[in-house]
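In what follows, a structure is listed as structure tokens, so that the remarks can point back to it.
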Amino acid sequence: MALLQTRERIPTILSPAERIVARCLPSFGDILFICVLFGVVFGLQGRALGIDGDSGWSLRIGLQTLSFGLPRHELLLSTTAGQPVVYWEWLAQVLYALAFRIAGLNGVVALAGGIVAGTGAGLYAAMRRRNVPLLLALALAIAGIGLTSITWTARAQLFSLPLTLWWSENLWSYWRTGDPRRLWYCLPAMALWANLHGGFIAGIILLGTTAAVAWLFPGHRGQANPRHLVYALGGTLLATLITPWGFALPAHILSYMRNPLIARYTQEYQSPDFHSLAGLLFLALVFLLVALWLRSAVHPPLALAHAAVWTVLACVSVRFVPLWALIVLPILAAALAASPRAGMPAPPQNYTGPGVGFQSASLPRAFMRPLAWIRRVETFSNRLETVDNQVGRGIWSAVAILAIIVLLVGGGRLPGGAPVLNAHYDATIFPVQAVQRLQTQGVPAGRGFTTYEWGGYLDFALPGYHVFVDSRSDAYSQRLLQDYATIVSLGAGWRDLLRAYDIRWALLPTTSSLAQVLALSSGWRCVGADSVGVATLCTRSAP
């Protein structure tokens, strides 16, 4: 054992040729980035477009903005057409639309994959900057990527992932160094974030929590200046107004958050499902963090505050679970990295087996073998770090991005002609064949009706048609959302609501209760709208 420890202290010296070879090898960060990027782009392909239609209306609004400028009135819904509206994610929608114009839906999926992969690699890098051992950082980064996967849909929400990670790490860097430039960086970042996605509220919560801890715990504020934090908070609040909407944006978000039907009918605003794999992983990580802090006598106030705030938010709404992973997992990683060294027990004096070198109080022989395994894993991790420090960084990630770009330019085909990337909406989830028939035969006359999930797809696939509702729950009133819920659930008065809204036809999932009841209702005629049994087209007879 002593000989092994002596060898570990000897630095590895490489020849010039070996250094060149080492620089050509990918780092663990590169491997993580490439695996996630290829997993989303090639593994998910069209599934990255989602199952709720959000990507459809995002693309439609973005394309409209590119062609005619940013719209100020509702252009998609038949029920609120022409009314003033706030397209608060306009910049993200434009970026997706640009990707679509360049490479079609393949480009949209590639952009989403790049954002996800960059976030995962950034999470790993954030842990390594906190001196977390390589294997531990890699394991927790993979866990964090798994938790963010619930948002892997080509929509504006993806942009909040890297911005949340950057914002959190930037605040931690300021806390340690006191460099005021870190706070200045927050102002342009917030102005950008406010135009991309409403998740900029996460940045305000993080900065507000940090300022509160600096004021309440003067003995644990590191190098931070509480006054500077308050000034930065005020500046970022003003930066949220640097959008095409000005004060209308916070007013719109406030009214949206006050809508009681949003949490009731929108799954991502409900509590996590702890019967799912992601929910169980989140719960296990929370318990692990609590157990570490209960064991430790040192409780950093800022880490406690951030972890507590975001754990509560994540338990209230599954929407916050990905942000929790990006904010709290680096805290958990640092706590895990410190725990073995801070309280590692030592073997008895007469113990000669593996595990020599642990320090603190003695434990019985039965406890030594698990501790020895921890030591071996740590030694192996240190060796991997030695190798990782000598390889090239970022080279292979750049090569992977270049390969994706070349593939997109070639229409998703390899130079030999074999198609490897063909992203499209899933015909078993969306009415793809039905839309193709409607494009050929024409859309029935009068106002139509479709489901919340299909509305966004029809926004994109049938740009000349105005849907009843789509998955933009912020685009219409509580009354309209309640009426829609009553119709699809066959609630009291649903027939009267169809007549009140003058619904002349409906494109519905064949398995839906509404489609089956309309097929048996007088005055309605329902036929299959495709050959795969996904959609049913119901038309109402003229009065």
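When a footprinting reagent is the concern and you count Cβ atoms within 10 Å, what order do CYS186, CYS315 take, fewest first?
Working: CYS186 23, CYS315 17.
With the sparsest Cβ surroundings first, the list reads CYS315, CYS186.
Write down the radius of gyration of segment 224-301 and its Dmax, each obtained from C-alpha positions, in Å.
According to the Cα coordinates of segment 224-301, Rg and Dmax are 19.4, 50 Å.
State, to one decimal in nm², a quarter of the convex hull surface area for the C-alpha atoms of segment 125-229, i.e. the direction-averaged projected area.
The Cα convex hull of segment 125-229, projected and averaged over all directions, gives 7.4 nm².
Sorted by packing (mean other beta-carbon atoms within 10 Å per residue), highest first, where do 519-526, 393-400, 454-461, 284-291 land?
Order by mean packing, descending: 454-461, 393-400, 284-291, 519-526.
About its Cα centre, what dipole magnitude does segment 432-540 give when the only charges are +1 on Lys and Arg Cβ and -1 on Asp and Glu Cβ, stated in debye to the nearest 20?
Result for segment 432-540 is approximately 360 debye, rounded to the nearest 20.
Please report, for the Cα atoms of segment 365-489, the Rg to one decimal and the Dmax as a whole number; what are they, in angstrom?
27.0, 82
Only one of the values (i) 18, 47, 27, 8, 0; (ii) 23, 59, 18, 0; (iii) 21, 55, 22, 1 was calculated from this structure for P(r) over Cα pairs in 20 Å bins from 0, in percent; name its label.
Read-out from the structure maps to (i).
For a quick check: sort ASP179, ASP426 by the number of other beta carbons within 10 angstrom, fewest at the front.
ASP179, ASP426
If only Cα atoms are counted, what is the Rg of segment 432-540, and what is its Dmax, in Å?
13.1, 37
For segment 41-109, what does the equivalent ellipsoid look like in terms of its semi-axes, each the square root of 5 times an eigenvalue of the Cα gyration tensor, given largest first in whole Å? Intermediate results must be reported in sequence, preceding the final value.
Details: eigenvalues 114, 38, 14 Å².
Semi-axis lengths for segment 41-109 are 24, 14, 8 Å.
Sort 141-147, 96-102, 42-48 by the packing proxy (mean of other Cβ within 10 Å over each peptide's residues), most packed first.
141-147, 96-102, 42-48
How large is the Kirkwood hydrodynamic radius of segment 24-167, counting all unique pairs of alpha carbons, in Å?
For segment 24-167, the Kirkwood estimate is 16.4 Å.
Quick one: putting +1 on the C-beta of Lys and Arg, -1 on the C-beta of Asp and Glu, what dipole do you get for the chain around its Cα centre, in Debye to the nearest 20?
Using only the charged Cβ atoms, the result is roughly 1000 debye.
Each reported figure results from applying straightforward, stated rules to the coordinates on display, with no laboratory input. Keep in mind the model is a prediction, meaning the values are calculated, not measured. Cβ coordinates were reconstructed from backbone atoms using ideal geometry, including for glycine residues, and neighbour counts include every protein chain displayed.
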